[in-house]
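Chemist: Provided herewith is a single structure, encoded as structure tokens, for subsequent inquiry.
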Amino acid sequence: MATLTNAPPPYDTLLCGATLIDGTGTNAYVADVAIKGNRIAAIGELKSARTAEELDVAGLYIAPGFIDTHTHDDQACMSDKHMEPKISQGVTTVVVGNCGVSLAPLDHPQEVPEPINLLGSPSDFRYGDFQSYFDAVDSSKPITNVVALIGHSSLRVAAMRDVDRLAQPGEINTMTQMVDEGMKSGASGLSSGVFYQIGSAADNSEIIPLIKSTAEHGGIYASHMRNEHEGVLDAMREVFEAARVGGTPLLISHHKCAGKKNWGRSKETLALFDSVRMSQDVSVDMYPYEAASSVLNPDLVGEETPILITWSTPHPRTSGRYLRDIAQEWHCGEKEAARKLSPAGACYFFMSEDDIERIIQHPSTMIGSDGLPMDEHPHPRLWGTFPRVIRRYAIQRELFSIEEAIRKMTSLPASRFGLRSRGTLKHGFCADLVVFDPSEVADTATYQEPKQVASGINMVFVNGRLSWDGKSCVNGGFGHLLRSEGRIP
Ligand code: ZN
Ligand code: CU
């Protein structure tokens, strides 16, 4: 028996006595969780098991690490060792490359047009192909895992001389090869953002060949649609068709009905979504706030809804101030002030709480922060999205159970992005875990004070290793690029 007792303990870490929310949406239950290496080694009554380390977490909840389906952390995941806005919320995987913009395949481009400039400074663009970007992500040892999408607008800048027109057949061919390289190297799908100027000349005749190439590798197509205002239904029909003909699952990014005139129309958008869902693999993601955030676009100025400046290159001291106040001070109209402030970023308060509640309750809706880590005065979604869904929408508004809130952040996105061994608390699955206090968990970031750590997130494990201890990043560097495991070989 001596050999047995001298043997190393079977577990590295034992989390004892917590309530488990397993990510599938089924009812929470009390059990112990054992971690060995990067995996969940056992779940059950394990108090007498031998372990290198034991943590008493009675009274707390354990959930799978949150998957942030919509981020622009392409550069931040490498240059910000701690990614405190994300890890402090319980996020263990970020999906980068959204809205049509990705760092690759752009190697010192002559110009970094909007909104590609949201990702970082011009010198951050130094990856001529996806393989070199993915190698850089892995060797930077990010604190969270990374799932990468290929940005259609970045392909356009790389493959076309003039992005103000539809791509020609030769250019489409070049972009198709870029998609193929990206997918073979480990991307999980394609994203587009034809809402933005650099993508807007493209239509489905340009995008469908790229989606087909994505489909050959089992990827997903995520779309920041052409229109989220009056034309939202037509925009939805456009992307449904693209994904159906192209042959991929579809993800509508940050779904919303923007602009006062459209408030309440989520009834129509979700009805259309549900009718298509009968025959097509479709889903949406959203962030739980009434303001959007992106580059400042003077064309979006003029609605009665307020606009908050998040950064401005010519007038950096205006970040955190309302456009209305700046315009008054400058004795000019808001549109003119917006032009003077550009290039700049902004929060647009143009959504209704009713629509947010209707969309967030939908069973196909996932949670994506859309946080902009490079912004001077960021939208609070960067720091608060996930705890806010639990606190505000599950606990306070009781729109759904905490179990359902967690499902939207874990097993649902894991299945959408082909992450077969994540998103659920299950024996043998990767040990991405969040330990949180249900009585404390809440977002604290506000539009006025956006850089605030959420409360109630006590521990976060990434690939079996403690990375957030409730106050700070303890270690970090255990994340890596996740290649879709559900992929057709
Ligand atoms: Zn977007
Ligand atoms: Cu986005």
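The values are calculated or read from the model by the stated rules, or taken from the named source; none is laboratory data. Note that the structure is a prediction, hence the values are computed from the model and not measured. Neighbour counts run over all protein chains shown; Cβ positions are idealised from the backbone, glycine included. Keep in mind that these areas ignore ligands, DNA and RNA; they rest on the heavy atoms of the full protein, side chains included. Shrake-Rupley method; radii C 1.70, N 1.55, O 1.52, S 1.80 Å.
Chemist: Given region 429-489, report the % of alpha carbon pairs whose separation exceeds 14 Å.
Modeler: Distances greater than 14 Å cover 66 percent of the Cα pairs.
Chemist: A further question on this structure: I'd like the per residue volume of the convex hull spanned by the Cα atoms of region 304-437, given in cubic angstrom.
Modeler: 147 Å³
Chemist: Let me ask you something else. Kindly provide the GluC sites (Glu not before Pro) of region 278-335 that DSSP labels as loop, not H, G, I, E or B, and whose Cβ sees at most 14 other Cβ atoms within 10 Å.
Modeler: GLU304
Chemist: Could you order the peptides 182-188, 478-484 from most to least packed, using the average number of other C-beta atoms within 10 Å per residue?
Modeler: Going from most to least packed, we get 182-188, 478-484.
Chemist: Let me ask something else. Could you give me D for region 102-192, from Stokes-Einstein at 4 °C and 1.567 mPa s, where the hydrodynamic radius is the Kirkwood radius over C-alpha pairs? Units µm² s⁻¹, please.
Modeler: 96 µm²/s
Chemist: Using the Cα atoms of region 121-266, I'd like the radius of gyration and the largest Cα-Cα distance, Dmax, both in angstrom.
Modeler: According to the Cα coordinates of region 121-266, Rg and Dmax are 15.8, 48 Å.
Chemist: Roughly speaking, what is the stretch gain from ASP164 to ARG483, that is 0.36 nm per residue apart minus the C-alpha to C-alpha distance, in nm to one decimal?
Modeler: 111.5 nm
Chemist: Suppose each label sits 7 Å from its Cα in the direction of the beta carbon; what would the ARG339-GLU45 distance come out to in nanometres?
Modeler: With each label point 7 Å from Cα toward Cβ, the separation is 7.5 nm.
Chemist: Further question on the same structure: If packing is taken as the mean number of other Cβ atoms within 10 Å per residue, what is the order of 405-412, 156-163, highest first?
Modeler: Put in order of decreasing packing, that is 405-412, 156-163.
Chemist: Can you list the residues, at least 5 places off or on another chain, whose amide H is less than 5 Å from the amide H of ALA222, using H built in the peptide plane?
Modeler: Residues meeting the amide H criterion: LEU190, SER191, SER192, LEU251.
Chemist: A follow-up question, please. If you look at just the Cα atoms of the chain, how large are its Rg and its Dmax in Å?
Modeler: When restricted to Cα atoms, the chain yields Rg and Dmax of 22.2, 86 Å.
Chemist: Further question on the same structure: Hey, what do the phi angles of region 183-197 turn into as Karplus ³J(HN,Hα) couplings, whole Hz, using 6.51/-1.76/1.60 and θ = phi - 60°, x for Gly and Pro?
Modeler: Here the 3J(HN,Hα) series is 5, 5, 7, x, 5, 9, x, 10, 10, 9, x, 6, 5, 7, 3 Hz.
Chemist: Let me ask another. As I understand it, the dipole of region 153-301 uses +1 on the Cβ of Lys and Arg and -1 on the Cβ of Asp and Glu, about the Cα centre. Which of VAL295, HIS255, ALA215 lies farthest toward its positive end?
Modeler: Towards the positive end, the residue furthest out is HIS255.
Chemist: So for the chain, averaging the separation of alpha carbon pairs under 8 Å that are six or more residues apart and normalising by length, what relative contact order in percent results?
Modeler: The value is 21 percent.
Chemist: Taking 8 Å as the Cα distance limit and 6 or more residues as the minimum spacing, I'd like the relative contact order of region 228-372 as a percentage.
Modeler: Relative contact order of region 228-372: 30 percent.
Chemist: Continuing with this model, one more query. Which loop trypsin sites (Lys or Arg not before Pro) in region 1-62, with loop taken from DSSP, have no more than 16 other Cβ atoms within 10 angstrom of their Cβ?
Modeler: LYS47, ARG50
Chemist: Which Cα, out of GLN328, CYS347, TYR29, lies furthest along the positive dipole direction of the chain (beta carbon charges, K/R +1, D/E -1)?
Modeler: TYR29
Chemist: Now for a separate question. What accessible area per residue, rounded to a whole number of Å², is obtained for region 203-291 using a probe radius of 1.4 Å?
Modeler: Value for region 203-291: 35 Å² per residue.
Chemist: Rounded to the nearest 500 deg cm²/dmol, what is the calculated helix-only ellipticity per residue at 222 nm for the chain, with -39500 (n - 2.57) per DSSP H run of length n ≥ 4?
Modeler: Here the helix-only value at 222 nm equals -8000 deg cm²/dmol.
Chemist: While we're here: For region 153-220 and region 52-122, what is the separation of their C-alpha centers, rounded to whole Å?
Modeler: First find each Cα centre; the distance between them is then 22 Å.
Chemist: If HIS229, HIS427, HIS152 are ordered by their accessible area, calculated over protein heavy atoms with a 1.4 Å probe, which sequence runs from highest to lowest?
Modeler: Greatest to least solvent exposure: HIS427, HIS229, HIS152.
Chemist: Order the following by accessible area, largest value first: TRP468, TRP311, TRP263, TRP330. Probe radius 1.4 Å; ligands, DNA and RNA are ignored.
Modeler: TRP263, TRP330, TRP311, TRP468
Chemist: Could you let me know the centre-to-centre spacing of region 300-355 and region 382-413, using Cα atoms, in angstrom?
Modeler: Cα centroid of region 300-355 versus Cα centroid of region 382-413: 30 Å apart.
Chemist: So, one more: Charges at C-beta only: +1 for Lys and Arg, -1 for Asp and Glu. How large is the resulting dipole of the chain about its Cα centre, in Debye rounded to 20?
Modeler: 600 debye
Chemist: Now, a different point. Using the eigenvalues of the Cα gyration tensor, what equivalent ellipsoid semi-axes result for region 318-381 when each is taken as the square root of five times the eigenvalue, whole Å, largest first?
Modeler: In descending order, the three semi-axes are 30, 15, 9 Å.
Chemist: Hey, could you get me the Stokes-Einstein D for region 265-353, Kirkwood radius over alpha-carbon pairs, 25 °C and 0.890 mPa s, rounded to whole µm² s⁻¹?
Modeler: In µm²/s, the coefficient is 167.
Chemist: Got a number for the accessible area of PHE461? Probe 1.4 Å, square angstrom, nearest 10.
Modeler: Accessible area, nearest 10 Å²: 0 Å².
Chemist: For the chain, give the percent of accessible area contributed by carbon and sulfur heavy atoms, probe 1.4 Å, rounded to a whole number.
Modeler: On the chain, the fraction of accessible area on carbon and sulfur atoms equals 49 percent.
Chemist: Under the rule of at least 5 residues apart or a separate chain, name every residue whose amide H is placed under 5 Å from the amide H of SER102.
Modeler: Excluding prolines and chain starts, which carry no amide H, the hits are GLY151, SER154.
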